[in-house]
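Only one structure is covered here, and it is reproduced in the block below.
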Amino acid sequence: MGHPLITLHDKSFRPYLSAAEIAGAIDQVAARLSADYAGRRPLFVVVLTGGFMFAADLMKRFTGDCEIVFIRVASYEGMGSTGQVQEIMGLREDVQGRDIILVEDIVDTGTTLHHLLPTLEANKPASIEIAAMFYKPTSLRYPLTLNYMAMEIPNDFVVGYGLDYDGLGRNLPDVYVAA
Ligand code: 5GP
């Protein structure tokens, strides 16, 4: 009997990745970041809302000094990207000269990052790298340097582990895919 489907609003989702698989992937990306940023005190800039859970787990595994701030952009409604990114809110920190690790839940089309990066770069950080929990390579529409992707997934709509379907599902420790 496979695993049960779950329902969020009007849609069914089936289990896709377990919390243990997710944790294993984060261990690996956190180990690489800890080695690459040793002695540099990076600033984690977390893109809300979806990135909150990944950011917490990633930061707990980062072994050196580091800091964290949260920003917000909005580009997604329901199950399809609107292709529009609203302005960044919440970046009050002085990022000039800092090594920024931009933390995202998913890199899907790349639209969010394509618009966000120039705005961050205008503040003259020393460096910017992107760390994302999930990456959909076949969906990407912009050239982006993605060195710290925890997991590649197909171009399907997923929920859980911080990711929502119209507000629901963020609390699920496992990840589900539209059935
Ligand atoms: P992009 O701008 O790269 O197309 O998409 C970025 C944002 O879209 C992500 O930060 C995430 O909030 C949302 N997104 C993309 N794919 C998915 C998905 O499969 N499930 C959910 N819940 N959100 C997604």
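Below, the figures for the structure above:
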{"quantity": "Matching residues in the stretch 100-114 - criterion: being within 8 Å of the ligand (Cβ to nearest atom) and either within 8 Å of the chain's Cα centre (by Cα) or over 24 Å from GLU67 (Cβ atoms) (or both)", "calculated": "GLU104, ASP105, ILE106, VAL107, ASP108, THR109, GLY110, THR111, HIS114"}
{"quantity": "Condition check for ILE6: open to solvent by less than 20 Å² (accessible area, probe 1.4 Å) and at pLDDT 95 or above", "calculated": "no"}
{"quantity": "Every pair of residues 6+ apart whose Cβ atoms lie under 7 Å, when the first sits in the stretch 140-151 and is farther than 16 Å from GLU129 by Cα while the second is in a loop (DSSP other than H, G, I, E, B)", "calculated": "LEU140/THR109; LEU140/GLY110; ARG141/THR109; ARG141/GLY110"}
{"quantity": "Single residue of ALA122, ALA74, ALA131, ALA179 found to be surrounded by 14 or more Cβ atoms within 10 Å (Cβ to Cβ), more than 8 Å from the ligand (Cβ to nearest atom) and at pLDDT below 95", "calculated": "ALA74"}
{"quantity": "Test: residue in the stretch 26-43 that is without any contact (Cβ under 8 Å) to a residue 60 or more places away in the chain, in contact with a Cys (Cβ under 7 Å, 6 or more places away or on another chain) and open to solvent by less than 20 Å² (accessible area, probe 1.4 Å)", "calculated": "yes"}
{"quantity": "Members of the stretch 141-164 that are open to solvent by less than 20 Å² (accessible area, probe 1.4 Å) and within 12 Å of the ligand (Cβ to nearest atom)", "calculated": "ILE153, VAL158, VAL159, GLY160, TYR161, GLY162, LEU163"}
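The values are calculated or read from the model by the stated rules, or taken from the named source; none is laboratory data. Just so we're clear, the structure is a prediction, and the values are computed from it rather than from any experiment. Every residue, glycine among them, receives a Cβ derived from its backbone with ideal geometry; neighbour counts consider all protein chains shown. These area figures cover heavy atoms from the full protein model, side chains too; ligands, DNA and RNA do not enter into them. Shrake-Rupley method; radii C 1.70, N 1.55, O 1.52, S 1.80 Å.
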